[in-house]
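Engineer: Below: one structure in structure tokens.
Laboratory data are not the source of any read-out in this text; all were calculated from the coordinates shown. Remember, predicted model here, so these are calculated numbers, not experimental data. Neighbour counts are summed over all protein chains in view; Cβ atoms, including those assigned to glycine, are modelled from backbone coordinates with ideal geometry.
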């Protein structure tokens, strides 16, 4: 007999079933199979049918052993209770598994976990958390576009192709992207602006999506910042942006515009719009949203860690740079 224990093979289980059916004792069977009688006894206890324990069927015993072996290799997807508590808290705050995994090493030293493990934990051990995931549908919704405003209607419009390379490279603070988030159920809208380097967000409520309201809101939100944080603004081609030259005169900025139907050219603000939609999904009536709620949303956005920032928050990045006091 081998000193190293090995599980019975399928062939050995078939022989055991035959010999047991012949009425052989365990010690006789152990000599024939070259196995310890205690091992055979354990096999009969663990893998015999649960109802008729006196029977032993090789195929069902093999199935039970295979299932037990597969379950034995399963481990908790999140190793410790501290990590599980951390993931539960942040997933309920709306952070994605990738952001949580990246932020973990900042908040819990010497702890590491992959975002794939978090996804597996949610789907296998905590399905009640699935609805906190931003993208949980099997199919993406189709996006429909209109052919409005094919021709430029914005005076002194400068295309994004003429924007300085330093803006594209994100090496300098003070370059902003602006957009609006609207709803069909109300006349109000949200102005969303994002600083390209730090991803710092500014959000304001517009009682009406007009050019004048847009201009006033931008001036109010950016005029309080140091001049070094007011360099350029990149817009889409919406009619609410026609007073961009007045904004430039007040703030000392320059403005650039995406190509028609190229919203991806101002991807930073489009990404933030997606986060805004988590709090205020489509068909939300912005008429009912208060300024205090908008401010709370802005705080949440600026305290949200970002993968592109090394899992630091926009507020941490801008404060560390000293740009706010420059």
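Engineer: Given bins 5 angstrom wide, list per bin the percent of all Cα-Cα distances in the range 163-243, short to long.
Structural biologist: Calculated over all Cα pairs of the range 163-243, the distribution is 3, 15, 26, 24, 17, 10, 4, 1 percent.
Engineer: Pick from 239, 291, 25: which is most flexible by mean-square fluctuation in a GNM of the chain where alpha carbon atoms under 10 Å apart are linked?
Structural biologist: Its mean-square fluctuation being the largest, the pick is 25.
Engineer: According to the square roots a ≥ b ≥ c of the eigenvalues of the Cα gyration tensor, what is the shape class of the range 81-132, taking rounded for a/c under 1.5, prolate for a/b larger than b/c otherwise, and oblate for the remainder?
Structural biologist: Prolate shape, in that a/c is at least 1.5 and a/b is the bigger ratio.
Engineer: So for the range 160-325, Kirkwood radius off the Cα pairs, Stokes-Einstein at 20 °C and 1.002 mPa s: how many µm² s⁻¹?
Structural biologist: 134 µm²/s
Engineer: Additional query: Quick one: if the Förster radius is 41 Å, what FRET efficiency do residue 11 and residue 115 give, using the C-beta to C-beta distance and rounding to 0.05?
Structural biologist: 0.40
Engineer: On C-alpha positions alone, give me the angle between the axis of helix 58-72 and the longest principal axis of the chain, in degrees, nearest 10.
Structural biologist: Once rounded, the angle reads 40 degrees.
Engineer: I would also like to ask the following. Which three numbers, in whole Å and largest first, are the semi-axes of the equivalent ellipsoid of the chain derived from its Cα gyration tensor as √(5λ)?
Structural biologist: After diagonalising the Cα gyration tensor, the semi-axes are 65, 21, 17 Å.
Engineer: Could you work out the relative contact order of the chain, using alpha carbon pairs under 8 angstrom and six or more residues apart, expressed as a whole percent?
Structural biologist: 14 percent.
Engineer: Still on this structure, please answer the following. Quick check: from the Cα gyration tensor, does the range 237-289 come out rounded (a/c under 1.5), prolate or oblate?
Structural biologist: Cα axes put the range 237-289 in the prolate bin.
Engineer: Same structure, new question: Between residue 68 and residue 278, how high is the FRET efficiency from 1/(1 + (r/R0)^6) when r is the Cβ-Cβ distance and R₀ = 35 Å? Nearest 0.05. Could you put the intermediate results ahead of the total?
Structural biologist: Values: r = 42 Å, r/R0 = 1.21.
Efficiency at R0 = 35 Å is approximately 0.25.
Engineer: For Cα pairs less than 8 Å apart in space and 6+ apart in sequence, what is the mean separation divided by the residue count of the range 208-290, i.e. the relative contact order in percent? Show your work: numbers first, answer last.
Structural biologist: On the way: 68 pairs, mean separation 22.2, N = 83.
Taking the mean separation of contacting Cα pairs over the length of the range 208-290, I get 27 percent.
Engineer: Over the range 160-325, what is the relative contact order in percent, taking alpha-carbon pairs closer than 8 angstrom and at least six residues apart? Could you put the intermediate results ahead of the total?
Structural biologist: Values: 284 pairs, mean separation 43.4, N = 166.
Rounded, it is 26 percent for the range 160-325.
Engineer: What 222 nm value per residue comes from the helices of the chain, counting each DSSP H run with n ≥ 4 as -39,500 (n - 2.57) and dividing by all residues, nearest 500 deg cm²/dmol?
Structural biologist: Details: 13 runs with 137 residues, N = 326.
Mean residue ellipticity at 222 nm (helix-derived): -12500 deg cm²/dmol.
Engineer: Mind telling me which of 236, 107, 179 comes out most flexible in a GNM of the chain, alpha-carbon contacts under 10 Å?
Structural biologist: Maximum among the listed residues: 107.
Engineer: Can you give the angle from 0 to 90° between the axis of helix 10-21 and the longest principal axis of the chain, with both taken from C-alpha atoms, to the nearest 10?
Structural biologist: So the inclination is approximately 40 degrees.
Engineer: What residue among 123, 256, 56 shows peak mean-square fluctuation when the chain is described by a Gaussian network model with Cα springs under 10 Å?
Structural biologist: Among 123, 256, 56, the largest GNM mean-square fluctuation belongs to 56.
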